[in-house]
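All of the numbers you see were taken from the coordinates with simple rules; none came from a lab. Since the model is a prediction, treat every value here as computed from it, not as a measurement. As a convention, Cβ positions derive from the backbone with ideal geometry for all residues, glycine included, and neighbour counts pool all protein chains shown.
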């Protein structure tokens, strides 16, 4: 009987110890839940929403500006038609601007010209060119070319496995001559 009572005591001690450990874990869990700052999580979501709202507001303002520009052009067309009937000059002006934006017109004006060459310590890669083009656009460049290949908003710059850089559909190699014009003023068709 002593063995059975010892075994019963050991089992009771083990069960008691497990219950104490279980209650300690539950207490720590409740404490962690209490300490969690739900307002910080909500504020983080609020910050993300504010960022998204400001981005959409910027897009809306750009669209509104484009709408006002289009309305102004329509008003100019209607006034020209009513007054003199010579809309060809307005259409030619819009055509020149469209050709410039599409890269179909040669553009001349004040700007900068950079030559990027490989060195022993650094090889110019696609990411360098993409960063440079983005910085030039951010600085207000309206026309950019690399090795006389126009870089438009939809032009891709990639580097396949052979190491050559492809701009649009043309392969170019270093040295890269980058030309940027801020405000083009001469259009040649």
Original post:
Taking the Cα-to-Cβ direction at residue 153 and at residue 45 and moving 7 Å from each Cα, how far apart do the two end points lie in nm?
Top reply: 3.4
**OP:** Taking 7 Å along the Cα-to-C-beta vector as the label spot, tell me the residue 4-residue 17 distance in nanometres, rounded to one decimal.
**Re:** 2.5
**OP:** Provide the gained length on full extension for the span residue 170 to residue 79, in nm with one decimal, where the gain is 0.36 nm per separating residue minus the Cα-Cα distance.
**Re:** 28.3 nm
